[in-house]
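The next block holds one structure in the form of structure tokens; read it before the comments.
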Amino acid sequence: MTGYQQLIREILTHAGRIGTADPRHIEAWMRVEHPTLDALTHELFVAEVGVALQCIAAASVTDNESLAQSYGL
């Protein structure tokens with residue numbers, strides 16, 4: 001698990017949404033818009049987790065997994 005995925009899990013836990021999505025899928029969707037996640041402020045990172053959750057809900061399980069694998073996650 002990457003450091004980003006650990007932070008994503010913490011954000012999901014804090015929001016009461018742990019288990020709603022694979023952190024790898026969330027990280028992958030975030031990387032579509034932000035190839036370098038280091039530059040995001042904490043507030044923007046949290047907001048982008050929310051956007052990624054919407055993307056995951058709109059995509060198929062296969063598409064989410066394929067995207068994560070395309071980033072080596």
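Odds and ends about this structure:
- Comparing 52, 21, 4 along the charge dipole axis of the chain, the residue lying farthest to the positive side is 21, per the Cβ-charge model.
- Over the chain, dividing the summed -39,500 (n - 2.57) contributions of all DSSP H runs of at least 4 residues by the number of residues returns a 222 nm mean residue ellipticity of -21500 deg cm²/dmol.
- Each of 43, 27, 33 has some number of other Cβ atoms within 10 Å of its Cβ, and from fewest to most they run 43, 33, 27.
- A Cβ-based charge dipole, computed about the Cα centre of the chain with Lys and Arg at +1 and Asp and Glu at -1, lands at about 140 debye.
- Compared with the alpha-carbon gap, the fully stretched path from residue 15 to residue 57 is longer by 13.4 nm at 0.36 nm per residue.
- Relative exposure of 11, 26, 18, judged by other C-beta atoms within 10 Å (fewest first): 18, 11, 26
Values quoted throughout were computed directly from the atomic coordinates according to the rules given, and no laboratory measurement underlies them. As the structure is a computational prediction, the values presented were derived from the model and not from experiment. Counting neighbours? That spans all protein chains shown, and the Cβs are built from the backbone with ideal geometry, glycine included.
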